Amino acid sequence: MVKYCSLCLNRKMDEERGLVCGLTGEYGDFDGSCRNFRADEREVEVERCLNKEHKFKTAAAVLGLIVFIIWIAPIFFMREWPFALKWTILTLCIAGTIAAFLSLARVLMIKRSESERKLTMQDVADAVRKEGYFPQKQDDNWILFKIQGNKYLVYYDSARFMIYIRFALSGEEDMAVMKEAAISVMDENFMAKILLLEEEDKSKVIQFSVGALVSSRTDFDRFFPHYLQMLYEAIEKHHEMYRRIMKERHPESSHPDRTGFPAASSKVMS
C-alpha cells in the first residue's frame, strides 16, 4: 500500500508519520486500488527502471543457465548418438552460445550508454528513493530525507556531493574531548568531516558529513549506499572514541560518556 501511494500525485510526506494521503491526511486505506489515484509519471518511470534492472539481472542469470545446459547436457547424453547427430547438436550449441553472448553484449552496450549520462539532482533523489527513503527537494541543490526520525541532507552541485546530518548537543559534553575524537575519526576516514558548530541562539551542534566527487549516474547509484554507511560509521566511531577518552580521563565520573546525540541508525548499521 505504501508503494502504491508513493506513485500517486496526492501523496504527502508528514515529518512525524511518514507518507500519508494529501486528500485525507491519513494513511492509505483501500483494497486493491484507490479511486483517487493520480499517477506521478516520474515516480512510475523510476519504478519501471527498477523493474527493468531486476529483469536484466534475472535474464543474465537465465542466460548463463541456458549456456551451461547447452554445453553440459550433450556431454552426458550424446555419447551413444550417431556421428551426424553429434555434429548437428554441436553446431546448434555453438550457434546458440554465439547468439546468447551477442544478446548480452547488446544489453551491456545499452546499459553503458545510459550510465554515461550526466548526474542530475533528480538522479540523486532517485538514488535516495531506491534505498527506501522518501526524498524531499529543498531547492536546486539540496534534498532532505529522514531515517528513524533523524533528518539527513544531501547536497549536489556539478560533481560535488555531500551528505550531512546534525545533532544538537546537550551542553554536558566535554568539547575538547569531542574535538579530539572528531580529529581521530577524520584521520581514519578522509571522506568524513566532523564539525562542532554554534547556532545563532548559542546552542551547540555537531555536524557529520561525507563528501565525494561524482558525475556519473551509475557511479552514484552504486556508491550512495556506501557513502551513507560511511556516515553512520563516522557517527559510531566518534561515539566510541569519545566514550573511551572520557573514561580514561574521568574514571571517577558516573556518566563520563554522556552525549546529546544518538548513536548511528540501527536500521542501516545492522
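What follows draws every value from the coordinates through simple rules; no lab data is involved. Quick caveat, the model's predicted, so the values are computed rather than measured. Note: ideal-geometry Cβ built from the backbone for every residue, glycine included; neighbour counts use all protein chains shown.
What is the total of Lys pairs in segment 110-251 with C-alpha atoms under 16 Å apart, excluding same-chain pairs fewer than 8 positions apart?
9
What shape does segment 122-269 take by its C-alpha gyration tensor, where a ≥ b ≥ c are the square roots of the eigenvalues and a/c under 1.5 counts as rounded, a/b above b/c as prolate, and the rest as oblate?
Judged from the Cα gyration tensor, segment 122-269 comes out prolate (a/c at least 1.5, a/b above b/c).
If I model a spin label as a point 7 Å beyond the Cα along the Cα-Cβ vector, how far apart are those points for residue 213 and residue 157 in nm?
Label-label distance for residue 213 and residue 157, simple model: 1.6 nm.
Only sites in a loop by DSSP and with at most 16 other Cβ atoms within 10 Å count here; which chymotrypsin sites (Phe, Trp or Tyr not before Pro) in segment 137-238 make the cut?
Sites meeting the loop and neighbour criteria: 190.
Cut-off is 10 Å between beta-carbons; in what order do 193, 237, 151, 118 appear when sorted fewest neighbours first?
With the sparsest Cβ surroundings first, the list reads 118, 151, 193, 237.
Bin width 5 Å, origin at 0, all Cα-Cα pairs of segment 149-220: what percent of pairs per bin?
It works out to 3, 14, 21, 21, 19, 12, 6, 3, 1, in whole percents.
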